[in-house]
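Contents: one structure, followed by commentary.
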Amino acid sequence: MSELGLFAAAPVGIARVALPVPVDRLFDYSVPAHLVSEARPGRRVRVRFDRRELTGVVVELAGEPRPEARHRLRALEAVLDAEPVLTPEWMGILREEAAAVLCPVGLALATALPPGAAPRARPGVALTARGRAALGAGAVTGTARALLAALAEAPGGRAERSALLRGAGDAAAALDALLADGLAAAVSVVLAPRARRRRERTAAPAPGLDREAALAELARAPRQAEVLRAVAEAGECATAELAARVPRAADALRALERRGFVVLGERDAPRDVLGPAGEADARVSLTPEQARACAALAECVRDRRAARFLLHGVTGSGKTEVYLRTIAEALAAGRQALVLVPEITLTHQILARLRARFGDALAVLHSGLSPGARLEQWERLRDGETPIAVGARSALFAPLHDLGVIVVDEEHDSAYKNDEGFRYHARDLAGRRARAAGCPLVLGTATPALETRFACERGEIERLVLSHRIGGRPLPAVQIVDLAAERARLPRGRKLILSRALRRALAEVLRDGGQSLLFLNRRGFSTSITCFSCGYVEHCKHCDIALVYHAAEDRLRCHYCDHRALPPEACPQCGSPENALLGVGTQRLEEEVRGELPDARVVRLDRDVAGRRGATRQILDDLRAGRIDVLVGTQIVAKGHDFPGVRLVGVVNADIGLHLPDFRAAERTFQLLTQVAGRAGRGGAPGRVVVQTFLPDHYAVRPVVDHDYERFYREELANRRALGYPPCGFLARTVVSGPEEPATREAAGGLAAGVRGMADVEVLGPAPAPLARLRGRHRFQLVVKSGDTSAVHAAAARLVDAAARLPAPLRASVDANPYDML
């Protein structure tokens with residue numbers, strides 16, 4: 001685009017705009033006179049930034065530009081919204097969180113908007129006056145003439161460059177010549193957003209239609225008469241419905257429109273994201289503990305008081321009923337509710353409970369929806385059409401402006417931490433929203449995060465305890481199986497997958513008509529292919545990670561970069577043909593169960609299966625309906641689901657993840673074991689759990705027998721306190737990556753040196769990251785640790801500044817509150 005008109009000599013006002021770029025500042029743009037009434041905080045604008053066109057958000061208005069912006073002040077290109085998409089209050093909350101996690105403000109605000117909702121700017125070409133004259137005079141021929149003719153026919157005489165060249169053969173050179181000769185000009189073309197509300201064509205009777213007279217006129221046009229009757233009876237209907245009922249209805253409608261009998265138009269046709277309605281709500285009597293929790297939360301809602309609550313309830317204790325009653329209090333007060341779950345698969349279950357209690361006046365937001373569906377749901381909330389939003393982590397950005405309660409279910413789950421871009425934790429950002437709204441934040445779980453439980457001890461969060469399952473049902477009995485002792489009884493060379501206790505329990509539950517759930521936190525047929533002769537393991541050529549064998553496709557796959565390879569016929573290192581599949585994956589476990597229980601209906605649910613559209617929901621529905629005898633699953637089945645028919649849960653290997661180089665490894669293991677154990681015995685029959693482990697006395701495993709969270713919490717907190725790890729200290733983690741190992745190590749060392757002398761901080765590393773090579777890039781990490789949060793934040797801010805100056809192709813990411821140390 002020409003620079004002409006981009007700079008304003010006498011700006012009417014200044015808009016300070018947040019742009020989605022990795023620079024933490026607002027950018028000054030002059031407001032042209034014709035946009036003064038439209039450029040308001042919270043509205044999106046289109047601007048020029050360097051040589052690109054970007055969509056940003058107006059954050060502030062000012063009378064004068066900052067001194068550094070005066071010499072090159074550009075004007076706003078366009079205002080894209082009639083109403084603000086972000087309120088000033090919401091922008092303030094997002095700016096606070098962005099500052100806390102050291103994220104550029106423009107990236108944070110962009111995260112809060114529906115993806116694909118902004119117009120897109122693309123390189124384009126415009127027909128100039130000289131080009132139009134040359135075309136009219138016949139001064140150009142061949143490909144050049146075809147290009148100018150296409151531009152002349154395009155709306156506004158401009159077209160996207162790639163679209164103009166598509167199907168025009170080798171036209172790039174001809175187009176470059178037209179640009180050089182001034183017959184065409186390079187411009188930016190604004191395309192419609194990818195996310196759009198769905199529309200449908202409609203037909204309605206013309207105003208004042210005399211139906212009988214019209215039908216009489218159509219005596220010799222029976223198809224038109226049939227269509228007119230249908231339209232007149234419906235009042236307004238979708239033309240697609242008519243086409244399904246009447247052959248060639250489209251032709252009949254056009255003829256009726258020419259006669260003036262019908263009016264054709266369009267209307268919104270929102271996508272159905274709720275699905276079929278479930279069973280009617282069954283009101284239940286509260287237990288005394290539930291009643292006390294509901295009373296405390298209701299009082300907080302009525303008083304419009306911002307407070308945080310931990311709803312600490314064992315599995316099956318009725319936490320969801322407490323959520324529903326608190327939401328009802330908020331709705332009764334004319335306010336709104338936001339419900340978060342950690343996984344998309346859990347939205348179906350909570351959605352069914354919400355619909356049964358409150359009807360269809362709710363919206364769903366998560367990344368599994370198409371951009372258009374998410375935009376429709378977002379706009380329903382913004383326009384006040386529904387007071388309840390439910391979804392996974394991204395639902396936290398729902399445009400609700402009078403929140404009465406925020407619920408974070410399974411608050412301990414690591415899925416609530418966003419590990420890229422805007423590195424917020426949903427629990428922390430939800431706390432900011434609750435404080436601003438004057439409403440309770442309810443953190444529900446059977447296994448609280450140590451940070452949350454520790455905050456209760458410090459009086460920062462009020463703890464509400466549900467210590468018993470509803471209906472007096474007992475917690476499942478847990479049996480620990482020592483795999484080392486079990487393996488010692490096996491013949492040499494035989495692989496141990498299912499212990500005797502677990503095989504016996506599976507057979508008994510199947511015989512009694514119950515269902516079983518086998519949990520393995522690993523997908524694939526086996527862990528790895530290993531050479532018996534030299535010990536060589538097949539690794540990904542791009543990542544320092546063992547490849548996993550997938551039997552269904554007879555391929556080795558990397559679960560990070562998705563590199564695939566054929567299993568070797570001989571060891572690449574020593575040539576031996578003696579390879580073995582070591583370890584157990586979900587596919588291998590499924591095969592073992594089918595061999596052990598040939599008459600059982602066995603189904604597997606892991607990430608591979610879940611990748612098929614609709615598969616997860618269908619399998620979970622089948623399990624609830626009793627159409628599955630044994631479900632083999634990974635973490636997908638461990639979280640928050642209610643399966644009344646499941647009487648047995650088997651944990652095939654409790655030790656997976658326990659020895660990862662992450663200070664939260666023990667906490668995550670205990671939480672996962674407790675959560676998956678809680679899937680058993682939620683119906684009428686008692687439940688049982690068999691946990692297979694090589695470490696039966698580990699402090700993260702033994703408390704699972706008695707469902708004793710407090711015992712685990714005390715021991716883990718003592719370990720964290722001794723080492724200065726959260727919640728007894730604060731961390732920031734920096735990962736430097738690059739294609740060459742020496743240069744990457746040197747860059748990481750330079751970053752570490754820049755913060756090593758700062759007061760009150762300890763710098764660990766740099767050292768190779770636990771995943772030392774990923775997608776072809778070497779990775780080194782350094783960790784800043786301190787008991788003073790401000791000291792860690794200051795060091796992390798210095799690292800962010802230094803990381804921005806690293807030369808390409810080196811990259812560094814800084815997480816001021818890391819939850820994943822891999």
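The values are calculated or read from the model by the stated rules, or taken from the named source; none is laboratory data. Quick caveat: nothing in here was measured; it's all calculated off a predicted structure. Here the Cβ is made from the backbone with ideal geometry for all residues, glycine too, and neighbour counts use every protein chain on show. These accessible areas exclude ligands, DNA and RNA; they are computed on the full protein's heavy atoms, side chains included. Shrake-Rupley method; radii C 1.70, N 1.55, O 1.52, S 1.80 Å.
Accessible area per residue for the stretch 90-241, computed on protein heavy atoms with a 1.4 Å probe, is 50 Å².
The peptide list 137-147, 787-797, put in order of mean Cβ contacts within 10 Å with the highest first, becomes 787-797, 137-147. With R₀ fixed at 35 Å, the C-beta to C-beta distance from ALA477 to ARG607 puts the FRET efficiency at about 0.70. Taken one residue at a time, the phi angles of the stretch 393-402 give Karplus couplings (6.51, -1.76, 1.60, θ = phi - 60°) of 3, 5, 5, 4, 8, 4, x, 9, 10, 9 Hz. Gly and Pro are set to x. Rounded to the nearest 20, the Cβ-based charge dipole of the chain about its Cα centre (Lys and Arg +1, Asp and Glu -1) stands at 620 debye.
Each residue, ALA163 and ALA180, gets one label point 7 Å from its Cα in the Cβ direction; the gap between the two is 2.8 nm.
By accessible area, using a 1.4 Å probe on protein heavy atoms only, the stretch 278-409 has 49% of its surface on carbon and sulfur.
Could you work out what % of the accessible surface of the stretch 653-790 is carbon and sulfur, using a 1.4 angstrom probe and leaving DNA, RNA and ligands out of the count? Whole-percent figure for carbon plus sulfur exposure: 53. Normalised by the number of residues in the chain, the mean separation of alpha-carbon contacts (under 8 Å, six or more apart) gives a relative contact order of 9 percent.
Extension gain, SER37 to ARG267: 0.36 nm times the residue separation minus the Cα-Cα distance gives 79.8 nm. Cross-link partners of LYS319 among lysines, defined as those whose alpha carbon lies under 17 angstrom from its own and excluding same-chain residues fewer than eight positions apart: LYS639.
For LEU365, the residues whose amide H sits under 5 Å from its own are VAL390, GLY391, ALA392, ignoring neighbours fewer than 5 places away on the same chain, with H placed 1.01 Å from N. Taken along its principal axes, the alpha carbon cloud of the chain reaches lengths of 94, 78, 68 Å, longest axis first.
If R0 is 56 Å, what FRET efficiency do you get for GLU462 and GLU233 from their C-beta distance, rounded to 0.05? Walk me through the numbers on the way to the answer.
Details: r = 59 Å, r/R0 = 1.05.
Plugging the Cβ-Cβ distance into 1/(1 + (r/R0)^6) gives 0.45.
Taking amide hydrogens as placed 1.01 Å from N in the peptide plane, the amide H of GLU60 sits under 5 Å from those of ARG16, each at least 5 positions away in sequence or on another chain.
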